[in-house]
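Accompanying notes for the structure given below.
The values are calculated or read from the model by the stated rules, or taken from the named source; none is laboratory data. Since this is a predicted model, take the numbers as computed values, not measurements. A quick note on method: Cβ atoms are made from the backbone with ideal geometry, for glycine too, and the neighbour counts reach across all protein chains shown. SASA here: full protein model, heavy atoms, side chains in, ligands and nucleic acids out. Shrake-Rupley method; radii C 1.70, N 1.55, O 1.52, S 1.80 Å.
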Amino acid sequence: MKDNRIPFQKYTSRQEQLAAQYNWEYFSKQHKKGKLTAKERIELLFDENSFEEIDAFVKPSGNIKTNIYGDGVICGHGKINGRKVFAFAQDFTFMGGSLGSVHAAKIMKVQDMALSMGHPIIGLIDSGGARIQEGVASLAGYAGIFHRNVKASGVIPQISVILGPAAGGAVYSPALTDFIFMTRQTAYMFVTGPEIVKEVLNEEINSEDLGGADIHGSKSGVAHFVYDDEEHTLLGVRKLLQYLPSNNVDFPPVSAQEALAPNNPQKLGVIIPEEANIPYDMLDIINNITDKNSFFEISENFAGNIIIGFARLQNKVIGLVANQPKVLAGVLDINSAEKAARFVRFCDAFNIPILVLEDVPGFLPGSNQEHSGIIRHGAKLLYAFSESSVPKITVIVRKAYGGAYIVMNSKNMGGDFNFAWPTAEIAVMGPEGAVKILHRKELIQSKNTDELKAKLIADYKENIANPYIADEKGYVDEVIEPANTRKKLISAFEALENKYMEKIAKKHGNIPL
Ligand code: HXC
């Protein structure tokens, strides 16, 4: 009921004016471009009626005259899956969602609040970038946002959702956050747009091909999640949050639903093919170990030779890193090492135990990889596993050769438990390569090279490339039956619940970048 007493009149008229802002024109401007409005996005993202807006009535800085409130960004907090989350949503209908000094100050305010109160923050990005009319003040605004992104890194989860343009230096706030979502057709990210590309390089390319969702989801690896439309994108964000703690001293939520064991753990015993060079799908192993339908893959179209994602094991969240023999035989290369390293560091920062499923023939050879820096990029994964202090378990299901064996969370790199299946081949290199090096002369002199080679390979597998030597020396804690893997892992992670690691005091390490 409307209160007509004098103190309430101004309050009411301002509220009415704000509500009137969201008129037919406001909605149709965005809908015509195939996009939702900032208001609709907030409603889809948050639990019903839970969003509380702050700074709704601010106006842009001095020389921009307008009756419209908000300066092109909605900021506030609400609940997602019942847990508190902060957010800002840029409003493209007001000056192209461009970032002026007041717009920036609003974002910085929610960044500061989210950090000091220990809640995740989500940015819904749809903006023409720095507001041209405000010049350096808008650039300074971006600088303040980037600075806060870095301050909050590793303390609260930060998520960016790109739902329109993100151009120029503006792409660097999302790049500093933990996860980037993009929507096909309407979202794009680039440092320099198609016009500049044409001008400088005489290269014709459109926005979608230069920096659209699929390009960033598959080629550059910038986007971790790509969806067809905004509704699914925002549902994806809600889903991701189900796996994340609110901050670095919190723990990931434990599902209240009864954990459903996977369909067919017996299948684990027959997934690995007889022949070592025949591929199979690592997802089959993941899905038959973790709680039913709990695996949520990240960056699924980028560097497919390694799989990363969250899952639950008996209701508790774990981070998964697994080689994928179906893609490039599961080798480690620059992209896969970086993809996994960043994920391991996220899990470590946010108290998420890590499970590694290993089947890796080694690092990808060749001048392309060497000249592009596989040495320093591969070192990132070594560094990430080694510095992490969360519970970490590796199960070697097939190949674990050479440096790649070491990298994938081996015992001496700080792995807490290493298990191996009877099909594991743990060795300095694969049988073919080893036999060539160790028996070159015999093979050259032999009248029946193929027969001798086959025998030597069989001997190598029997005597060297098997899990029992590592088991006898303690480099593997136990050789386990594949069908028992889930049970063994639940028990081992339970043992690790009280894990504590003293760290040497230092400013920070120097991860190879
Ligand atoms: C002020 C802007 C703006 C900007 C768009 N608008 N970008 N106003 N500053 N940066 C305004 C337009 O003038 C227009 O106003 C309204 O927003 C909608 O824009 P349109 O161009 O009509 O929309 P569309 O055709 O969809 O094109 C969107 C766009 C284009 C591709 C984003 O607007 C564009 O190229 N904008 C400039 C992008 C840019 O170069 N930004 C600077 C990047 S550098 P009216 O009044 O007509 O509705 C940067 C530095 C950051 O951001 C540094 C951080 C370190």
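The table that follows gives values for the structure above.
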item	result
J(HN,Hα) series, the stretch 466-472, from Karplus relation 6.51 cos²θ - 1.76 cosθ + 1.60, nearest Hz, glycine and proline x	9, x, 6, 5, 4, 5, 5
Three-way shape call for the chain based on the alpha-carbon gyration tensor, with the a/c threshold at 1.5	prolate
Inter-label distance, nm, simple model (7 Å from Cα along the C-beta direction), Asn67/Arg5	3.0 nm
Amide H partners (placed H, <5 Å) of Gly70, local residues excluded	Val58, Lys59
Mean separation of Cα contacts under 8 Å (6+ apart) over length of the chain, as relative contact order %	8 percent
Beta bridges by DSSP in the chain, antiparallel share as percent, to the nearest 5	35 percent
Low-density loop cleavage sites - GluC sites (Glu not before Pro) in the stretch 219-279, where at most 12 other Cβ are within 10 Å (DSSP)	Glu258, Glu274, Glu275
Dipole of the chain, positive end: most advanced residue of Val397, His439, Ile306 [Cβ charges, Cα centre]	Ile306
Distance between the stretch 1-32 and the stretch 262-311 - C-alpha centres, whole angstrom	53 Å
Nearby aspartates and glutamates by direct alpha-carbon distance to Lys106 (threshold 17 angstrom, same-chain neighbours under 8 apart not counted)	Glu52, Glu53, Asp55, Asp71, Asp91, Asp126, Glu134
The chain, helix-only ellipticity at 222 nm - DSSP H runs n ≥ 4, -39,500 (n - 2.57), divided by all residues, nearest 500	-11000 deg cm²/dmol
Residue-by-residue Karplus 3J(HN,Hα) for the stretch 85-92, coefficients 6.51, -1.76, 1.60, Hz, glycine and proline x	9, 9, 7, 9, 10, 6, 10, 5
The stretch 178-321: C-alpha gyration tensor shape, a/c 1.5 cut-off, then a/b vs b/c	oblate
Sparsely packed trypsin sites (Lys or Arg not before Pro) within the stretch 190-264, loop by DSSP, other Cβ within 10 Å at most 14	Lys219
Cβ crowding within 10 Å averaged over residues, with 315-325, 479-489 ranked highest first	315-325, 479-489
Total charge dipole magnitude, the chain, about the Cα centre, Cβ charges on Lys, Arg, Asp, Glu only, Debye to nearest 20	1160 debye
The stretch 32-63 residues near the modelled Arg83 label - backbone nitrogen below 16 Å, point 7 Å along Cα→Cβ	46-47
Placed amide H near Ile307: partners under 5 Å, 5+ positions off or other chain	Ala322, Asn323, Gln324
The stretch 74-210, accessible surface, carbon-and-sulfur percent (1.4 angstrom probe)	61 percent
Pairwise centroid distance, computed over Cα atoms, of the stretch 401-469 with the stretch 97-136, Å	55 Å
Pairwise label distance in nanometres, Ile375 with Leu438, each label 7 Å out on the Cα-Cβ vector	2.9 nm
Three-way shape label, the stretch 373-476, alpha-carbon gyration tensor, a/c 1.5	oblate
The stretch 431-513: chymotrypsin sites (Phe, Trp or Tyr not before Pro) in DSSP loop, at most 13 other beta carbons within 10 Å	Tyr500
Separation between Cα centres of the stretch 160-187 and the stretch 207-250, rounded to whole Å	9 Å
The stretch 4-242, dipole about Cα centre (Lys/Arg Cβ +1, Asp/Glu Cβ -1), debye to the nearest 20	840 debye
Local net charge near Asn63, Cβ-Cβ under 14 Å (Lys/Arg +1, Asp/Glu -1)	+1
Karplus-derived HN-Hα couplings along the stretch 340-356 (A = 6.51, B = -1.76, C = 1.60, θ = phi - 60°), whole Hz, x at Gly and Pro	6, 4, 5, 5, 4, 5, 4, 4, 5, 5, 10, 6, 10, x, 10, 10, 10
Angle in degrees between helix 230-241 and the longest Cα principal axis of the chain, rounded to the nearest 10	60 degrees
For the chain: accessible area per residue (Å², 1.4 Å)	48 Å²
Sum of side-chain charges, Thr394 neighbourhood, beta-carbon under 14 Å (Lys, Arg +1; Asp, Glu -1)	-1
Extension gain from Glu462 to Asp450, taking 0.36 nm per residue of separation minus the Cα-Cα distance	2.5 nm
